[in-house]
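For reference, the structure discussed in these notes is given below.
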Amino acid sequence: MTYKVTEEGNISTVFLNGEIDMDITDKAKEVILPLIESGKEVHINLKDVSYMDSSGISVLIESHQKALEKKTKVIVKEVSKSVLKVIMMAKLEQILNLE
Amino acid sequence: MNQISETKDFPVSASSLKEVRAFSRDVFEKIDLPQEQKDELVLAIAEAAQNIVKHGYKGVEETEDRMEIKISLKDGQLEIGFFDKGKTVVPENVQHRKLDDIKPGGLGTFFIKQIMDAAVFKKDQKGWVNHLVLTKKI
């Protein structure tokens with residue numbers, strides 16, 4: 001996985017890339033969670049993520065819950081068809097903020 | 001192709017999951033199935049392999065053990081075998097979390113059950129500790 005973070009005002013956008021599995025979830029959390037901790041609104045852009053398993057879904061849930069705790073929000077953007085299918089299989093499309 | 005049987009072993013490590021997916025995709029390339037279904041099957045296989053790494057070797061920092069995956073297709077019945085030497089699995093304890101209990105983790109087994117027709121731990125390990133078999137009529 002590679003990633004890029006852009007900042008605009010209070011919004012940080014994290015562009016993830018590649019396949020998200022158990023091997024890289026720690027790295028993804030290291031990038032995303034401190035941004036939420038600092039009170040930023042975080043947009044996770046998944047347009048270049050071709051595969052995500054349950055570990056990746058856990059990162060999205062953890063990010064969402066951390067944002068609620070910090071009274072900010074996480075928006076998951078540009079989800080690819082294959083990743084959306086996994087999110088829907090987990091019945092999380094109504095829980096996560098998808099755009 | 002109506003019949004197939006391919007086996008590969010992998011180091012028990014999170015870094016092997018990419019190789020597990022590559023192996024699975026290579027095998028499914030030889031089977032005439034919609035891409036969407038192939039993707040689901042790859043996910044089920046990767047989740048089962050992940051369960052071995054995550055739960056079968058919980059608390060183990062590093063191991064030289066390997067896990068073996070066998071993908072077979074015969075008469076429209078897809079069978080995927082997983083062999084490992086991790087902690088003995090008690091099938092009754094393998095449960096996914098309730099979906100309305102939103103928290104990280106516990107989804108892998110749920111995905112496997114959603115995708116496959118059956119997931120059974122067999123008692124014919126032959127030198128292995130666990131032998132999980134996933135099946136699906138395709």
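Read-outs throughout are calculated quantities, based only on the coordinates presented, and are distinct from any laboratory measurement. Note that this is a predicted model, so its numbers are computed, not measured. Ideal geometry is used to build each Cβ from the backbone, glycine not excepted, and the neighbour counts take in all protein chains shown.
Just a few scattered comments:
- Taken together, the residues in the stretch B:86-103 that are touching a residue at least 12 places away in the same chain (Cβ under 8 Å), in contact with a Lys or Arg (Cβ under 9 Å, 6 or more places away or on another chain) and either closer than 14 Å to residue B:122 by Cα or within 14 Å of another protein chain (Cβ to nearest Cβ) (or both) amount to 2.
- Of the residues making up the stretch B:24-69, those that are surrounded by 20 or more Cβ atoms within 10 Å (Cβ to Cβ) and β-branched (Val, Ile, Thr) are B:27, B:42, B:45, B:52, B:53, B:69.
- Sole exception among (1) of a type in the set (Phe, Trp, Tyr); (2) under 23 Å from residue B:15 (Cβ atoms); (3) not in a helix (DSSP H, G or I) for residue B:121, by number: (2)
- Among the residues of the stretch B:44-71, the ones that are without any contact (Cβ under 8 Å) to a residue 12 or more places away in the chain and either among the aromatic types (Phe, Trp, Tyr) or in contact with an Asp or Glu (Cβ under 8 Å, 6 or more places away or on another chain) (or both) come to 0 in all.
- Search result, residues across the stretch A:22-69 that are of a type in the set (Lys, Arg) and either in a helix (DSSP H, G or I) or crowded, with 17+ Cβ neighbours inside 10 Å (or both): A:27, A:29, A:40, A:66
- Residue A:46 satisfies every condition listed in (1) more than 9 Å from every other protein chain (Cβ to nearest Cβ); (2) more than 22 Å from residue B:14 (Cβ to Cβ); (3) in contact with a strand residue (DSSP E or B) (Cβ under 9 Å, 6 or more places away or on another chain) except (2).
- The listed residue being among the polar types (S, T, N, Q), exposed (fewer than 14 other Cβ atoms within 10 Å of the Cβ) and farther than 19 Å from residue B:53 by Cα, out of B:77, B:95, B:114: B:77
- In the stretch A:78-99, residue farthest from the other protein chains (Cβ to nearest Cβ) [restricted to those that are exposed (fewer than 15 other Cβ atoms within 10 Å of the Cβ) and in a helix (DSSP H, G or I)]: A:88
- Failed criterion for residue A:19 (all others in (1) of a type outside the set (Ser, Thr, Tyr); (2) more than 9 Å from chain B (Cβ to nearest Cβ); (3) in a strand (DSSP E or B) hold): (2)
- Every residue from the stretch B:27-71 that is of a type in the set (Val, Ile, Thr), facing chain A (nearest Cβ under 10 Å) and within 10 Å of the chain's Cα centre (by Cα): B:42
- Qualifying residue in the stretch A:62-77 (condition: among the hydroxyl-bearing types (Ser, Thr, Tyr), away from chain B (no Cβ under 13 Å) and touching a helix residue (DSSP H, G or I) at 6+ places or on another chain (Cβ under 9 Å)): yes
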